[in-house]
Amino acid sequence: MAPARRDLVAAHLWAAGACGVWERPAQLVAWFEDGTPIDLPEPHGVPELAVPVRRWSREEDRDWQADWKATIRPVEAGRTVIVPSWLEADHEPAADELTLIVDPGRAFGTGHHATTVLCLELLDELDLAGRLQGRTVADVGCGTGVLAIAAAARGAVATAVDIDPDAVEVTRENAARNGVEVTAIAGGVDQVPAAAEVVVANLITDTVRSLAADLLAASTDELIVSGITVEREHVALDALEAAGAQLLERREGDGWVAVRLRSAPHADAGSGA
Ligand code: SAH
């Protein structure tokens, strides 16, 4: 089912009183409280949909949540491995692994998206190059807080901001669960208290474009940016470079791009511009 249609069907399920909707690759599963009068559209069609809905069925009660949990695997990104809490007890970390416990749920950023993985890999490289320990890092659009938490766990002084107050709450919970300190603040890039040495921002292409100058201003040294699609990479990069950033590294995965940029011109760059 095309994503837009899935969203419509999901919206109908929520409107019909679902208390949860799980989007699986070829199926939408909705949960209803026992006894909820379910007012679903006729089987022959949800008018906004181009194709008829063939069948609504009431399934035998099953532990859907357990089924869903069984599909979630730990995710590796460089030396960082993100493990859901229910697999923590069985997880055996490799010698140099940074294990982060983050559950899928209320916020974006569980490693199940290429952009999060690409950002974690770039942070991991910064750490290997000795440029994370003891430095200030700001995570703009923190979601679950996974990037700020990874930076803090590697010795950075981390701040996280997100315009979604839920994400800020989830970031605080996840930081505590992983035993690291992250200052989480509701708001945008302007809430980053003082320019951080490293800013990491996994947003979307248009947001990157419109915030390019602000992201540059918020970072004194390096900037890691993702959420950029391969097709519209030039849109984000043009804006970042026009704002004065210099591309240092680019990574791609699953049609997404992450870049690492120098945000301040080096004293010896000598352009005089
Ligand atoms: N950092 C996480 C989450 C990325 S999802 C990861 O890498 O997986 C993007 C997040 O950015 C969302 O939580 C969204 O609420 C937030 N966001 C979107 N626009 C923003 C803006 N202008 N300023 C701050 N946060 C923003």
Evaluate the distance, in nm, between pseudo-label points positioned 7 Å from the Cα of Asp206 and of Asp96 along their respective Cα→Cβ axes.
-> 4.2 nm
Under the Karplus relation 6.51 cos²θ - 1.76 cosθ + 1.60, θ = phi - 60°, what is the ordered set of whole-Hz ³J(HN,Hα) values for segment 84-98, x standing for Gly and Pro?
-> x, 4, 6, 9, 4, 4, 8, 7, 10, x, 6, 4, 9, 7, 9
From the backbone phi of segment 185-192, what are the Karplus-calculated ³J(HN,Hα) couplings (6.51 cos²θ - 1.76 cosθ + 1.60, θ = phi - 60°) in whole Hz, Gly and Pro given as x?
-> 10, 6, x, x, 4, 5, 8, 5
Sort the following peptides by mean Cβ neighbour count (other Cβ atoms within 10 Å, averaged over residues), highest first: 104-117, 146-159, 244-257, 69-82.
-> 146-159, 104-117, 69-82, 244-257
Sequence-distant or interchain residues sharing an amide H contact under 5 Å with Phe32, placed H: which?
-> Cys19
Output row, site Arg73, 7 Å Cα→C-beta label point, backbone N cut-off 20 Å, window segment 99-116, residues 99-105, 109-116
Which whole-number value in Å² is the accessible area per residue of segment 74-263, probe 1.4 Å?
-> 41 Å²
For an R0 of 35 angstrom, estimate the FRET efficiency from the Cβ-Cβ distance between Ala10 and Ala176 and round to the nearest 0.05.
-> 0.65
Using θ = phi - 60° and the Karplus form 6.51 cos²θ - 1.76 cosθ + 1.60, what ³J(HN,Hα) does each residue of segment 233-241 get, whole Hz, x for Gly and Pro?
-> 4, 4, 4, 5, 5, 4, 5, 5, 6
Expressed in nanometres to one decimal, the distance between label points 7 Å along Cα→Cβ at Glu169 and Glu60 is 3.7 nm
How many angstrom lie between the C-alpha centres of segment 64-119 and segment 146-169?
-> 16 Å
Taking 129-137, 213-221 and ranking on average Cβ neighbours within 10 Å, highest first, one gets 213-221, 129-137
Averaging sequence separations of C-alpha pairs under 8 Å and six or more residues apart, then dividing by the length of the chain, give the relative contact order as a whole percent.
-> 11 percent
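The values are calculated or read from the model by the stated rules, or taken from the named source; none is laboratory data. Predicted, not measured: the structure shown is a model, and the values here were computed from it. For neighbour counting, all protein chains shown are included, and Cβ atoms are generated from backbone atoms with ideal geometry for every residue, glycine included. For the accessible areas, the whole protein counts, side chains as well, though only heavy atoms, and no ligand, DNA or RNA atoms are used. Shrake-Rupley method; radii C 1.70, N 1.55, O 1.52, S 1.80 Å.
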